[in-house]
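Working notes, beginning with the structure itself.
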Amino acid sequence: MINSTLCYVERKTGSEEPEVLLLHRVRKKNDLNHDKWIGIGGKMEEGESPEECLLRETKEETGLTLTSWRYRGIVTFVSDGLAETEYMHLFTADGFEGEMTDCDEGELVWVPKKKMRTFPTWEGDRIFLDLLDREAPFFSLKLRYEGEHLAEAVLDGRTKIR
């Protein structure tokens, strides 16, 4: 099984709508996430905690150093062969420092928070983004895919969403 992190970094822009940093995955070859718009993160290295992975991946992908973040939930991805089962540790962040750099996996773009769901992403991402927006307490979400189609979603082991 794979362990990974995913983080949605938010910034306030004065009185305007907050913006979220998304990665448009267009640069890696043979990328399962090709052309999707997702948060930042990646696979854990041996011996890393979720928080250590979060900080390392954020620095590697964006050049930014997180100064304020929250661990929000665990998403279990199960696939019918498209990919290995993955435990994704989900974070949000609202504090960072440093200058943003280029990412070798895609284009980093600040998008208005209310428009972020208009970009192509995985079906299941919309479920956990809703949970994040509703300030749901720490959650466990299982997403089972058949190819690229979301076949089942189960929240906290008992509430079947799909």
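Details
- The amide H of LEU141, built 1.01 Å from its N in the peptide plane, has ILE74, VAL75, THR76, ASP156 as neighbours under 5 Å, considering only residues 5 or more places off or on other chains.
- Inter-part distance where segment 35-114 and segment 136-162 are each reduced to a Cα centre, Å: 20
- Approximating the spin labels as points 7 Å out from Cα along Cα→Cβ, the LYS114-to-GLU86 distance works out to 3.1 nm.
- For the chain, the longest principal axis of the Cα atoms and the long axis of helix 123-133 meet at an angle of about 60 degrees.
- Principal-axis tilt of helix 50-62 within the chain, Cα atoms, nearest 10 degrees: 60
- Charge dipole magnitude, Cβ of K and R +1, D and E -1 - segment 2-160, Cα centre, debye nearest 20: 540
Every number in this text was worked out from the coordinates using simple rules, so none of it is lab data. Keep in mind it's a predicted model, so treat the numbers as computed, not measured. Using ideal geometry, Cβ is built from the backbone for each residue, glycine included, and neighbour counts are taken over all protein chains shown.
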